[in-house]
Amino acid sequence: MYCSELDLSQPFQLPEYCSIFQADVFAVHKADDIANNTGNNIKKINIYVNSQEAIKAIISYRITLENFLRSR
């Protein structure tokens, strides 16, 4: 995960069994979590994802870390 405006570069190690879809959804979730907890009073963020399926899943379904881990 990378954000030049926040001087943020953060790698995440996911389990080997995770699919690319799961990794994309996890990355969006973490980006949202980090942006909302920076204390910078961010009003708008852009998250770029190249997975249309992940975007559709996020829009249509509230994904939690527990759901993510159970879906393996």
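Find all pairs meeting these conditions: Cβ atoms under 8 angstrom apart; at least six residues apart or on different chains; first residue within the range 48-64 and of a type in the set (S, T, N, Q); second residue at pLDDT 80 or above and open to solvent by 100 Å² or more (accessible area, probe 1.4 Å).
Hits for this filter: SER51/ILE20.
Restricting the search to the range 27-72, which residues are of a type in the set (Phe, Trp, Tyr) and either at pLDDT below 65 or open to solvent by less than 100 Å² (accessible area, probe 1.4 Å) (or both)?
TYR61, PHE68
The values are calculated or read from the model by the stated rules, or taken from the named source; none is laboratory data. Treat the numbers as computed from the prediction; the structure is a model and nothing was measured. Neighbour counts run over all protein chains shown; Cβ positions are idealised from the backbone, glycine included. The accessibility values were calculated without ligands, DNA or RNA, using every heavy atom of the protein model including side chains. Shrake-Rupley method; radii C 1.70, N 1.55, O 1.52, S 1.80 Å.
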